[in-house]
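Here the structure comes first, spelled out in structure tokens, and everything after it is commentary.
The values are calculated or read from the model by the stated rules, or taken from the named source; none is laboratory data. Keep in mind that this is a model prediction, so the values were computed, not measured. Ideal geometry is used to build each Cβ from the backbone, glycine not excepted, and the neighbour counts take in all protein chains shown.
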Amino acid sequence: MTGTERRGGDVTGYFTEQNSVETVNGRTGPNADPRLAHVMASLVRHLHNFVREVELTQDEWEIGIDFLTRTGQICTHERQEFILLSDTLGVSMLVDAINNRRTPPATENTVFGPFHVEGCPVRQMGDSICLDGKGETCLFAGRVTDLDGKPISGARIDVWSDNADGYYDVQQPGIQPQWNNRGVFVTGDDGQYSFVGIKPVSYPIPDDGPVGAMLAGLDRHPYRPAHMHYMVRAEGFQKLVTHTFVGGDKYLESDAVFGVKQTLVAPFTKLDGEKTEWRSDYDFVLMPARQKR
Ligand code: BEZ
Ligand code: FE
């Protein structure tokens, strides 16, 4: 076989600095999965152009390989450093934006994050999700509706937040009670929901691994602005994965994972002289399910 033989329909020769993209992509065979071939051809083109643009040194290539190796090595069942890398590079939010284009008044999506746990107990409307007694209590209330404002019955609202110390229950097993600051609520015919939680606090994403080191090297802080997570699912509607953010938080404009959208910044009102210290009202508007092709 010579270096100029044709493979996969493209002319491939010996690899040179100038023909690198065509040479690598030309190796793809005629029986390759078309979507995989398309995605990989683009990835190779962008990767090679990146290497060319920065004139990557041999030392930098080794640092990159070591970084990716450590990123894989720190991953466990509980910790997904590659997703954290995707989050901090804005890739997760870009994929989310492309796949969840919403038109007003539909509620916007945002990043899912690693701290959701499936199987949380269903609670009664108005119940408290705060099991450790820490933090400033807050009533969360609103409606789940369709685009016309019609209430959606039977919507499952999964909520989760950090505790007053800035940790999710799964980050502190044995310290926080299981299901602390989590709950599932199911709407009735009025589409309304309400529960008592705490006014969330801002917290750093896990920054003791390679991603944290990358952020430090870029002079970036690891904080997320205070937020309450929601996943709302209802028959006949698109799944909504979102947060509400606490207005006024000092990290709103520098979220480590780029999750903030203006429409998701919610009012938090101080209630004077009442048992519950804060109130936050927010309505969720769901898009109809996509037609199956
Ligand atoms: C979160 O909000 O729970 C989260 C999102 C992305 C990365 C880390 C944490
Ligand atoms: Fe979070």
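On the basis of being away from ligand 2 (no atom under 16 Å from the Cβ), surrounded by 12 or more Cβ atoms within 10 Å (Cβ to Cβ) and under 24 Å from Ile157 (Cα atoms), does Pro105 make the cut? In short, yes. The helices (runs of 4 or more DSSP H) falling completely within the stretch 8-94 that include 2 or more residues that are outside the structural domain of His116 (by TED's automatic domain parsing) and within 26 Å of the chain's Cα centre (by Cα) map to 34-54, 58-73, 81-88.
Per-residue answers, yes or no, for (1) within 16 Å of ligand 1 (Cβ to nearest atom); (2) modelled with pLDDT of 95 or more; (3) under 19 Å from Leu264 (Cα atoms):
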residue: Leu94; (1), (2), (3): yes, yes, yes
residue: Ile129; (1), (2), (3): yes, yes, no
residue: Ala141; (1), (2), (3): no, yes, yes
residue: Asp146; (1), (2), (3): no, yes, yes
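On inspection, Ala234 passes the criterion of being surrounded by 12 or more Cβ atoms within 10 Å (Cβ to Cβ), of a type in the set (A, V, I, L, M, F, W, C) and within 23 Å of Phe195 (Cα to Cα). Taking the stretch 231-266, which residues are of a type outside the set (D, E, K, R), over 17 Å from the mean Cα position of the chain (by Cα) and within 16 Å of ligand 2 (Cβ to nearest atom)? Val246, Ala266, listed by residue number.
The conditions of being in a strand (DSSP E or B) and within 14 Å of ligand 2 (Cβ to nearest atom) are not met by Gly183. Suppose the filter is crowded, with 22+ Cβ neighbours inside 10 Å and either more than 12 Å from ligand 2 (Cβ to nearest atom) or assigned by TED's automatic domain parsing to the domain that holds Asp281 (or both); does Val211 pass it? Answer is yes for this residue.
Quick check on the stretch 108-116. Is at least one of its residues touching a strand residue (DSSP E or B) at 6+ places or on another chain (Cβ under 9 Å), within 12 Å of ligand 1 (Cβ to nearest atom), assigned by TED's automatic domain parsing to the domain that holds Gln178 and farther than 16 Å from Phe258 by Cβ? Yes: the stretch 108-116 contains one or more residues that are touching a strand residue (DSSP E or B) at 6+ places or on another chain (Cβ under 9 Å), within 12 Å of ligand 1 (Cβ to nearest atom), assigned by TED's automatic domain parsing to the domain that holds Gln178 and farther than 16 Å from Phe258 by Cβ.
Of everything in the stretch 186-222, what is assigned to a strand (DSSP E or B) and within 16 Å of ligand 1 (Cβ to nearest atom)? Give them in sequence order.
Our first condition is that a residue be assigned to a strand (DSSP E or B); within the stretch 186-222, this holds for 186, 192-198, 203-204.
Correct list: Gly197, Ile198, Tyr203, Pro204.
Only one residue in Asn109, Asn163, Asn100, Asn180 is touching a Cys at 6+ places or on another chain (Cβ under 9 Å) and touching a residue at least 40 places away in the same chain (Cβ under 8 Å), so which one is that? Break it down into steps so the answer makes sense when it comes.
Details: Asn109 fails: touching a Cys at 6+ places or on another chain (Cβ under 9 Å); Asn163 fails: touching a residue at least 40 places away in the same chain (Cβ under 8 Å); Asn100 fails: touching a Cys at 6+ places or on another chain (Cβ under 9 Å).
Result: Asn180 is the single residue among Asn109, Asn163, Asn100, Asn180 that is touching a Cys at 6+ places or on another chain (Cβ under 9 Å) and touching a residue at least 40 places away in the same chain (Cβ under 8 Å).
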